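All of the numbers you see were taken from the coordinates with simple rules; none came from a lab. From a predicted model like this one, the values you see are computed outputs, not experimental measurements. Methodologically, a virtual Cβ is constructed for each residue, glycine included, from the backbone with ideal geometry; neighbour enumeration extends over all protein chains shown.
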Amino acid sequence: MELTGKVAIVTGSGRGLGLAYAKELAASGAKVVVNDVDAATAEAAAKEITDAGGTAVAEVAAVGSTEAADALVARAVAEFGRLDVLVTNAGVLRDRVLWKMSDDDFDTVIGVHLRGTFTCARAAARQMREQGDGGRLILVGSPAGQRGNFGQTNYSAAKAGIAAFARTWSMELARAGITVNAVIPVAATAMTETIPALQGYVEKMRAGEPMPAFARQALAFGGPEDAAGLVAFLASDAASDVTGQCIGIGGDRLSLWSHPQQVATAYAEGGWSADAIARVWSTTVGAEPQSVGEKLPEPPAN
Ligand SMILES: NC(=O)c1ccc[n+]([C@@H]2O[C@H](COP(=O)([O-])OP(=O)(O)OC[C@H]3O[C@@H](n4cnc5c(N)ncnc54)[C@H](O)[C@@H]3O)[C@@H](O)[C@H]2O)c1
């Protein structure tokens with residue numbers, strides 16, 4: 001993918017998926033502003049990219065606030081003169097079931113993911129609109145946001161909100177030629193290595209063993225680098241007409257997620273009373289309720 005001349009910001013790119021995105025964008029010719037709240041990983045990531053012949057600078061900031069978002073965009077403009085691509089990847093987890101979740105657990109996750117995506121995208125959209133020649137907002141959702149996930153009140157709400165951002169902003173920014181999509185990744189990172197169903201595969205990966213085809217395909221589970229090609233594609237001119245989409249990536253699997261829509265309707269002239277709904281519920285709109293949560297396939301017996 002040819003990204004020479006383009007300038008990108010990748011938030012939370014000190015390690016994991018963000019680092020893989022930043023490396024791929026730089027390897028494709030983009031100049032990259034690496035960001036992380038962790039200064040050491042941010043600096044190391046920028047060095048890794050420049051050592052490999054790419055162009056990168058590190059901007060250490062805790063994504064969430066308007067100040068951090070403005071500083072990131074200002075750094076891109078100060079160093080490289082413009083901004084073409086923003087990848088809002090920074091993220092944290094504070095998993096608890098609803099009744100055990102503290103205000104701080106909730107606010108932290110909403111602050112980094114939802115507020116951070118909003119503030120960074122707003123700053124980037126202002127800069128891109130001023131430049132007047134389009135741009136790319138590449139947001140980061142999660143299967144948890146698409147389907148819900150046990151123990152992830154804060155995270156699933158933030159990620160569902162990010163999918164909603166992609167839909168709304170793709171409409172608002174279409175005239176400016178700015179595309180907005182959400183990547184829905186799956187990958188072995190610090191964030192996923194403690195998930196019991198995936199631990200065996202993470203250990204295999206660490207031991208340098210090949211990931212079984214079942215994991216790479218049915219679970220879409222691979223390394224962070226497996227998700228990076230999608231981000232480079234979305235950043236490129238080849239994806240200039242791709243917008244408003246939630247696109248799954250991981251292991252060997254690329255997928256398109258559906259957006260919610262009404263799947264069953266019923267009409268009552270004059271409106272619906274509670275009794276009327278109760279009478280027809282199971283034979284009309286309630287006949288096939290929607291499922292929740294991701295149902296991971298069982299591994300093959302061996
Ligand atoms: N790994 C997966 O399977 C998976 C699945 C779905 C979604 N995601 C999403 O992908 C993104 C990257 O996740 P990952 O798995 O690479 O996790 P990770 O924990 O390895 O990396 C996240 C990075 O973000 C940084 N960060 C945290 N808060 C920050 C802040 N306020 N400002 C700047 N940087 C901050 C961390 O320091 C870390 O370097 C996250 O948004 C995550 O929710 C990951």
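What whole number of Å gives the distance from the Cα centroid of the stretch 260-302 to the Cα centroid of the stretch 4-37?
Each part reduced to its Cα centre gives a spacing of 42 Å.
In whole Å, what is the distance between the alpha-carbon centres of the stretch 46-73 and the stretch 110-168?
18 Å
Please state the Cα pair-distance histogram of the stretch 7-257 with 5 angstrom bins from zero: what percent is in each bin?
1, 7, 14, 19, 21, 18, 12, 6, 2, 0
Going by C-beta contacts inside 10 Å, put Ile178, Ile195, Ile184 in order with the fewest on the left.
Working: Ile178 23, Ile195 13, Ile184 28.
Sorted ascending by nearby Cβ count, the order is Ile195, Ile178, Ile184.
Would you mind checking the radius of gyration and Dmax of the stretch 52-179 based on alpha-carbon positions, in Å?
15.7, 50
For the stretch 115-271, what is the percent of antiparallel DSSP beta bridges, rounded to the nearest 5?
On the way: 4 of 14 bridges.
Antiparallel bridges make up about 30 percent of those DSSP assigns within the stretch 115-271.
Considering only the stretch 7-257, what is the antiparallel percent among its DSSP beta bridges, to the nearest 5?
Details: 4 of 33 bridges.
The answer is about 10 percent antiparallel.
List Val242, Val73 from most exposed to least, where exposure is judged by having the fewest other Cβ atoms within 10 Å. Intermediate results must be reported in sequence, preceding the final value.
Details: Val242 16, Val73 22.
Least to most surrounded, the residues fall as Val242, Val73.
Search the structure for amide H atoms under 5 Å from the amide H of Ile178, placed 1.01 Å from N in the peptide plane, and list their residues when 5 or more places away or on another chain.
Result for Ile178 returns Gly135.
In bins 10 Å wide, starting from 0, what share of all Cα pairs of the stretch 152-202 does each bin hold, as a percent?
22, 34, 27, 14, 3
Please compare each pair in Lys23/Lys204; Lys31/Lys159; Lys47/Lys295; Lys6/Lys204; Lys6/Lys295 to a cut-off of 30 Å on the Cα-Cα distance and tell me which ones are over it.
Values: Lys23/Lys204 24 Å; Lys31/Lys159 28 Å; Lys47/Lys295 40 Å; Lys6/Lys204 37 Å; Lys6/Lys295 39 Å.
Among Lys23/Lys204; Lys31/Lys159; Lys47/Lys295; Lys6/Lys204; Lys6/Lys295, the Cα-Cα distance tops 30 Å for Lys47/Lys295; Lys6/Lys204; Lys6/Lys295.
In deg cm²/dmol, rounded to 500, what helix-only [θ] at 222 nm does the chain give when every DSSP H run of at least 4 residues adds -39500 (n - 2.57) and the total is split over its residues? Could the numbers behind the result be given before it?
Numbers: 11 runs with 122 residues, N = 302.
After summing the helix terms and dividing by the residues of the chain, the value is -12500 deg cm²/dmol.
Between Ala40 and Thr66, take the C-beta separation as r, use R0 = 30 Å, and let me know the FRET efficiency to the nearest 0.05.
On the way: r = 25 Å, r/R0 = 0.85.
In this case the efficiency is close to 0.75.
May I ask you to sort Phe150, Phe214 by Cβ crowding, counting other Cβ atoms within 10 Å and putting the fewest first? It would help to have the intermediate numbers written out before the result.
Details: Phe150 11, Phe214 16.
Lowest count first: Phe150, Phe214.
What FRET efficiency do you get for Ala176 and Arg96 if R0 is 41 Å and r is their Cβ-Cβ distance, rounded to the nearest 0.05?
On the way: r = 40 Å, r/R0 = 0.97.
Step by step, r from the Cβ atoms, then E = 0.55.
Under the rule of at least 5 residues apart or a separate chain, name every residue whose amide H is placed under 5 Å from the amide H of Lys6.
The list, which skips near neighbours in sequence, is Lys31.
Which residues in the stretch 1-42 have a backbone N closer than 11 Å to a point placed 7 Å from the Cα of Ala238 along the Cα-to-Cβ line?
1-3
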